[in-house]
Structures are given as structure tokens and as C-alpha cells.
Amino acid sequence: MTLSWLRLLGALVGVIGAAALLRRRRALLGRAEALALLTLCGLVVVAIAPGLVDSLPRLTGFTGELARITSLLSFVVVGLVAAVVGLSRRVSGLRYELDDQAAEALVDRAAAMMPASMRGAVELLLVMPAYDEAANLRSLLPERPATLLGLTAHVVVVDDGSRDETAAVATAAGAWAIRSPVNRGGGFALKVGFAAARRVNARFVITLDADGQHRFADLPAVLGPLLDGSAELVIGSRRLGASVGGSRLRGLGVRVFSAVLSFLTRQRITDCSSGLRGVAMARLVTLRLHQSRHHTAELIIEAARRRMRLLEVPITIVPRREGESKKGGAVGYALRFAGTIVSAWWRG
């Protein structure tokens with residue numbers, strides 16, 4: 001009798017759940033819904049004809065009195081894992097859309113502070129994410145070039161929730177400062193910078209760090225291939241050039257992860273974590289960038305997925321001018337970087 005009630009309960013749960021899923025008005029059944037529907041239908045079938053489960057132990061190899069129920073539970077767990085993976089992809093997609101809207105909102109709020117020189121046609125925009133970099137920007141921004149290869153170089157500094165005067169220093173130096181009220185990470189700050197580039201209809205974007213590690217002297221080498229059309233994404237590589245004062249452990253990490261990305265993208269990548277990059281805006285808008293932190297690997301994977309023409313050029317990385325790096329310990333950084341590679345590749 002107990003088994004009969006359990007079977008009846010299982011059948012009811014399966015039927016009600018399947019009916020609820022099928023009643024949802026959607027143009028296309030999603031992966032997570034399809035897996036859930038398959039699981040519920042399987043529950044109904046097992047409740048009505050439990051004898052069908054007798055063949056499962058032959059597939060799983062389980063033996064003994066509990067072989068049937070253990071085999072069934074194994075398949076259920078596999079189905080649940082697949083459903084969780086599908087749901088995580090949907091959550092990632094929703095977060096991507098929310099981050100896009102948040103970035104656009106920050107640009108809207110800062111539109112009134114846009115320098116008058118940027119209200120016309122903007123060919124080239126330098127995007128500098130910054131977190132507590134007021135001291136470095138105070139000496140760095142006055143040195144920026146007014147033009148690069150004949151293009152006026154406009155600057156937007158994205159203040160990622162700084163506790164110092166980063167935004168005020170950027171504004172005083174003539175840059176467009178866009179401030180996030182909270183620290184969200186370099187990836188989100190770049191997304192804000194890219195939203196600003198869309199707002200001013202920029203043709204090319206160059207990203208560089210606000211700590212002085214990237215030299216303005218290397219910017220023409222990054223911009224050149226974009227101008228002549230030989231590349232759509234240009235990455236400044238310290239391994240093709242030089243790194244002054246870099247740690248051996250971090251250098252080893254760059255080599256290892258660059259090799260992984262070279263394998264995944266089928267392109268030669270020598271510097272997977274370079275923040276000095278140039279990109280054609282027409283192709284940048286096709287990329288789906290989710291990562292709030294450790295975003296460099298995601299950009300490379302997305303560019304390869306969209307078949308963008310990628311080129312590395314030699315640059316020189318120098319020690320930051322003042323302060324300490326916000327990247328954290330080498331081991332923790334490596335683990336998070338590896339997670340970024342896996343999640344960006346798995347997104348498919």
C-alpha cells in the first residue's frame with residue numbers, strides 16, 4: 001500500500017509539474033525547462049510502470065537489493081546537475097543584461113560632465129579603469145598624448161568606487177570621469193568605458209591601466225594595426241617586448257595560461273593578462289562580456305569565438321608609479337583567472 005501511494009504521489013508530482021511547464025507561454029523551450037520536463041515525464045513513467053527501471057542496473061553496473069533504486073537515483077542526479085548547469089547559464093545571461101543596464105545608467109548620469117571636446121565626432125577613446133589611483137592619475141594624465149597617428153586621443157576614466165579623489169583628479173585633468181558608487185571590478189569598469197565609447201560613437205578604443213604600468217609610447221603600436229585594417233583586436237604583449245620588475249611567479253602564470261588560451265582559441269597568445277589592448281568598436285559591440293573581474297581572458301575567448309582578427313604587438317610593462325596592486329595574492333589570482341577561462345569557454 002505504501003508503495004502504491006508513493007507511486008501515485010510521484011505520478012501526480014510529475015503530471016502537475018509537466019503541466020505547469022507546458023502552460024508557460026514562451027517562443028522556445030529553454031534547455032533548463034526541457035531537462036526539467038524530461039525528468040518529470042520520467043517520473044510519471046516510472047510511477048506507472050516501475051518494471052521499466054529493472055534494466056537500469058545493467059547500464060550502471062550496480063548490484064544488490066538496492067541496485068534498481070540506486071541506478072534510478074544516479075540518473076536523477078545527472079539530470080539535476082544538467083538542469084543546474086542550464087539554470088546557471090540563464091542566471092549568467094540575466095546578470096550580463098543587468099550589468100549592461102547598470103553601465104548605461106552610469107554613463108547617463110555622467111553625461112553632463114562630458115568634456116565639450118567629446119560632444120562631436122570621436123575617432124579614438126582611451127579607457128582607463130581606476131580604483132584608488134588618484135596619486136598615479138595626477139602625474140599620469142598630464143603626460144597623455146593629444147593625438148595618436150593623426151587621431152585626437154580622448155580619455156575616459158572609470159572610477160570603480162574609489163575611496164580617494166580619483167574622479168576629481170581625472171576631471172581636473174580634462175578627462176571624462178564616470179564614477180561607480182561601489183567597487184565592481186575591472187571588468188565592469190571596462191563595460192562602463194565601452195558604454196561610454198558607444199555613447200560618443202568612438203571608432204577605436206584603447207584600454208590601459210591607471211597605475212602607470214602601461215607606457216603612452218606603446219599606444220601607436222597598438223593603434224596602428226586597427227587603423228590599417230590588419231587587425232580588429234590588438235593586444236600589447238610583454239613577452240614579445242619586456243617587463244621591468246615583474247615577478248617570476250606571475251611571469252610563469254602568464255606563460256601557462258597563455259598556452260591554455262592558445263590551445264582553446266587555436267591562435268598564438270603570448271600575453272593573456274595584458275590590460276593594454278586596442279579594439280575596433282564595430283566588432284567590440286558583438287562581444288558578450290560577463291566577467292566583472294579577470295576579464296582579459298574572457299575578451300580573448302569571445303574575440304576568437306566571433307572570429308575577430310587578433311594580433312599581438314610588443315610593449316614594455318614598467319612598475320606602477322605609486323601604491324600597491326589590487327590583484328591580490330598570486331595563488332588566489334591564478335585560481336580566479338583559471339575560473340574565468342573555464343566559465344568563458346563553457347558558455348559556448
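The values are calculated or read from the model by the stated rules, or taken from the named source; none is laboratory data. What you see is a predicted model; the values in this text were computed from it and never measured. Note that we place each Cβ from the backbone using ideal geometry, even for glycine, and neighbour counts take in every protein chain shown.
Things worth noting here:
- If only residues of the range 221-257 that are in a helix (DSSP H, G or I) and modelled with pLDDT of 95 or more are counted, the one that is surrounded by the most Cβ atoms within 10 Å (Cβ to Cβ) is VAL222.
- Identity of the residue in the range 79-119, at pLDDT 90 or above and of a type outside the set (A, V, I, L, M), that ends up surrounded by the most Cβ atoms within 10 Å (Cβ to Cβ): GLU104
- Tally, over the range 126-155, of residues that are part of a helix (DSSP H, G or I) and either of a type in the set (Phe, Trp, Tyr) or within 19 Å of ALA197 (Cβ to Cβ) (or both): 1
- Pair list, Cβ under 8 Å, 6 or more apart: the range 242-270 residue outside the structural domain of VAL331 (by TED's automatic domain parsing) and under 15 Å from LEU299 (Cβ atoms), other residue loosely packed, with under 13 Cβ neighbours inside 10 Å and of a type in the set (Asp, Glu): none
- In the range 280-296, the residue that is surrounded by the most Cβ atoms within 10 Å (Cβ to Cβ) out of those that are small (Gly, Ala, Ser) and either modelled with pLDDT of 85 or more or out of contact with any helix residue (DSSP H, G or I) (no Cβ under 9 Å at 6 or more places or on another chain) (or both) is ALA280.
- Among the residues making up the range 297-348, those that are at pLDDT below 80 and basic (Lys, Arg) are LYS326, LYS327, ARG347.
- Taking residues in the range 211-226 that are assigned by TED's automatic domain parsing to the domain that holds SER162 and at negative phi, and partners anywhere that are aromatic (Phe, Trp, Tyr) and surrounded by 20 or more Cβ atoms within 10 Å (Cβ to Cβ), the pairs with Cβ atoms closer than 8 Å and at least 6 places apart or on different chains are LEU223/PHE204; LEU226/PHE204.
- Residues of the range 259-279 that are touching a Phe, Trp or Tyr at 6+ places or on another chain (Cβ under 8 Å), buried (at least 21 other Cβ atoms within 10 Å of the Cβ) and outside any loop (DSSP other than H, G, I, E, B): GLY278, VAL279.
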